[in-house]
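Engineer: I'd like to ask some things about the structure below.
The values are calculated or read from the model by the stated rules, or taken from the named source; none is laboratory data. Since the structure is predicted, the reported quantities are computational estimates derived from the model, not experimental observations. Cβ: placed from backbone, ideal geometry, glycine included. Neighbour counts: every protein chain shown.
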Amino acid sequence: MSIRDGSRILSAALLAVLFSCSGGSAADIAAIYGHAVDVNAALFFRTPDRTTYVSTGDIDAMWLRDSSVQAMSMFRDRDLIRGVIARQERLIAIDPYANAFHKDYGVAERKFELDSLCYPVRLAESYVKATGDRSIYDAHLYAELHIILKTMLIEQRHNDRSTYHRNEHAAKDATGLIWSAYRPSDDPQAYNYNIPENMFAATTLRNMARIFHEQYADDASAHKAQTAADRISQAIETRAVFWSSRHGWIYAYEIDGLGHAKFMDDANVPSLLSVPLLGYEYNKRVNAATRAFVLSSGNPYYYRGRYAKGVGSQHTPSNYVWPMSLIVEYRTTNDPKERERIVRELSLSNAGDGALHESFDVNDPRRFTRPKFGWVNALFEQTFL
């Protein structure tokens with residue numbers, strides 16, 4: 001029996017117990033786990049240049065965000081993941097403003113999404129933590145980190161320094177926040193400072209500062225990264241917290257620095273719901289109020305139905321909840337009843353093929369989007385393994 005098969009059987013057994021305790025079907029949870037592992041594993045392809053191409057699923061392109069999360073389920077194969085990291089280094093060097101690439105390294109989408117520069121850093125650090133292999137701290141990763149740092153610093157002064165001009169709206173420059181054009185859902189932003197993405201960027205920059213100092217003895221770059229992170233955090237806490245008459249002080253989803261804000265959340269991570277998972281030093285009271293807002297009718301993308309309730313997205317139809325948001329909700333609560341409900345709803349989302357999909361109709365799970373979606377299946381595996 002392989003390590004993969006053994007861990008899958010063990011995890012499926014544990015999940016079956018969990019589902020039984022929560023009124024769900026043991027057969028359903030075992031099927032979901034098995035399919036989740038298989039769906040994600042089938043999307044990795046070794047290439048002649050000794051890198052690893054990772055397809056997102058039924059859309060055959062490699063997203064920097066998706067491939068990072070998908071790879072975090074495959075650390076048992078070091079060579080495979082070293083190949084993912086190597087390919088990401090090349091992709092970011094080709095175009096740090098692109099979010100997705102074809103197998104031949106051509107740009108599939110050039111939507112600047114700030115999290116696309118954060119996830120590869122998290123993948124590299126997660127790989128070292130999981131394997132102890134520090135040899136990835138080489139000249140190639142060093143170059144990647146410098147490109148990421150340079151791009152983030154430019155976009156902290158977008159109006160003055162950037163050459164990227166897509167989906168621009170009026171925004172106050174030099175706030176400390178990093179400008180971006182598209183959400184993690186690939187949809188255009190209403191305002192160009194996305195708060196969950198900036199939280200993730202602050203964490204990423206602090207981790208980069210530590211890597212520059214500890215691994216490369218580059219204190220000048222470490223100082224730049226740390227300073228940029230501090231400016232982001234200060235800007236978030238002073239500019240992105242607003243009063244809600246129903247919930248109290250909450251984080252906005254997007255702002256322009258001119259006083260305007262978008263109050264919503266989206267299923268794609270980073271999201272406001274996922275803040276505790278980002279590593280950002282958030283205000284606990286504000287985050288608790290924000291979570292209450294996100295999981296309420298105040299959030300225009302929160303849906304309730306016969307089979308589930310949770311967060312959806314502008315990217316998918318109305319009344320479609322994302323299993324990804326349910327998994328994030330599960331990971332960010334300590335309430336046993338809430339977790340039991342989520343596990344039950346994940347079971348009920350099974351449309352008969354055993355896999356988790358991008359989104360499903362809260363009143364009819366047989367209606368769903370994307371039959372093969374690696375990211376959510378990888379996240380499910382990581383959460384319940």
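Engineer: Hey, among Phe200, Phe212, which residue is touching a Cys at 6+ places or on another chain (Cβ under 9 Å), of a type outside the set (D, E, K, R) and in a helix (DSSP H, G or I)? Lay out the reasoning, then the answer.
Structural biologist: On the way: Phe212 fails: touching a Cys at 6+ places or on another chain (Cβ under 9 Å).
Selected residue: Phe200, the only one of Phe200, Phe212 that is touching a Cys at 6+ places or on another chain (Cβ under 9 Å), of a type outside the set (D, E, K, R) and in a helix (DSSP H, G or I).
Engineer: Oh, and also: Quick test of your reading of the structure: Phe19 fulfils all but one of (1) at pLDDT below 95; (2) under 25 Å from the mean Cα position of the chain (by Cα). Name the failing condition by number.
Structural biologist: Unmet condition: (2).
Engineer: If I go through segment 93-140 residue by residue, how many of them are part of a loop (DSSP other than H, G, I, E, B) and among the polar types (S, T, N, Q)? Don't jump to the end; show me each part of the working.
Structural biologist: Of segment 93-140, the ones part of a loop (DSSP other than H, G, I, E, B) are 95-99, 102-106, 110-114, 132-138.
Filter once more, so that each one left must be among the polar types (S, T, N, Q): 99, 135.
Count: 2.
Engineer: Something else about it: Condition (residue is outside any helix (DSSP H, G or I) and free of Cβ contacts under 8 Å to residues at least 12 places away in the same chain) applied to segment 79-92: is it met by at least one residue? Spell out how you get there, then give the answer.
Structural biologist: Looking only at segment 79-92, we keep the residues that are outside any helix (DSSP H, G or I), and these are none.
The answer is no, given that none of the residues of segment 79-92 is outside any helix (DSSP H, G or I) and free of Cβ contacts under 8 Å to residues at least 12 places away in the same chain.
Engineer: Hey, can you tell me all the residues within segment 155-172 that are touching a residue at least 12 places away in the same chain (Cβ under 8 Å) and either small (Gly, Ala, Ser) or closer than 15 Å to Tyr97 by Cα (or both)? Talk me through it step by step, then tell me what you get.
Structural biologist: Narrowing segment 155-172 to residues touching a residue at least 12 places away in the same chain (Cβ under 8 Å): 155-160, 162, 164, 166-172.
Result: Glu155, Gln156, His158, Ser162, Tyr164, Arg166, Asn167, Glu168, Ala170, Ala171.
Results for (1) over 26 Å from Ser73 (Cα atoms); (2) out of contact with any helix residue (DSSP H, G or I) (no Cβ under 8 Å at 6 or more places or on another chain); (3) of a type in the set (Val, Ile, Thr), shown as yes or no for each residue.
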site	(1), (2), (3)
Val294	yes, yes, yes
Ser313	no, yes, no
Pro317	yes, yes, no
Trp322	no, no, no
Arg344	no, no, no
Ser347	no, no, no
Ala355	no, no, no
Val362	yes, yes, yes
Gly374	no, no, no
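Engineer: Among the residues of segment 247-256, is there at least one that is crowded, with 21+ Cβ neighbours inside 10 Å, closer than 23 Å to Tyr320 by Cβ and among the β-branched types (Val, Ile, Thr)?
Structural biologist: no
Engineer: Something else now. Give the residues of segment 25-66 that are polar (S, T, N, Q) and either modelled with pLDDT under 95 or part of a loop (DSSP other than H, G, I, E, B) (or both), sorted by residue number. Don't jump to the end; show me each part of the working.
Structural biologist: First, the residues of segment 25-66 that are polar (S, T, N, Q): 25, 40, 47, 51-52, 55-56.
Within segment 25-66, Ser25, Asn40, Thr47, Thr51, Ser55, Thr56 qualify.
Engineer: With respect to Ile148, determine if the residue is in a helix (DSSP H, G or I), in contact (Cβ under 8 Å) with a residue 40 or more places away in the chain and closer than 25 Å to Asp266 by Cα.
Structural biologist: Details: in a helix (DSSP H, G or I): yes; in contact (Cβ under 8 Å) with a residue 40 or more places away in the chain: yes; closer than 25 Å to Asp266 by Cα: yes.
Judged against the criteria, Ile148 is a match.
Engineer: I'd like to verify a number: residues in segment 348-385 that are free of Cβ contacts under 8 Å to residues at least 60 places away in the same chain, assigned to a loop (DSSP other than H, G, I, E, B) and buried (at least 19 other Cβ atoms within 10 Å of the Cβ), how many?
Structural biologist: Adding up the residues that qualify gives 4.
Matching residues to (1) under 19 Å from the mean Cα position of the chain (by Cα); (2) of a type outside the set (Val, Ile, Thr); (3) farther than 25 Å from Ala235 by Cα; (4) outside the structural domain of Gln156 (by TED's automatic domain parsing):
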{"site": "Asn268", "(1), (2), (3), (4)": "yes, yes, no, no"}
{"site": "Leu277", "(1), (2), (3), (4)": "yes, yes, no, no"}
{"site": "Lys284", "(1), (2), (3), (4)": "no, yes, no, no"}
{"site": "Ala308", "(1), (2), (3), (4)": "no, yes, yes, yes"}
{"site": "Arg339", "(1), (2), (3), (4)": "no, yes, yes, yes"}
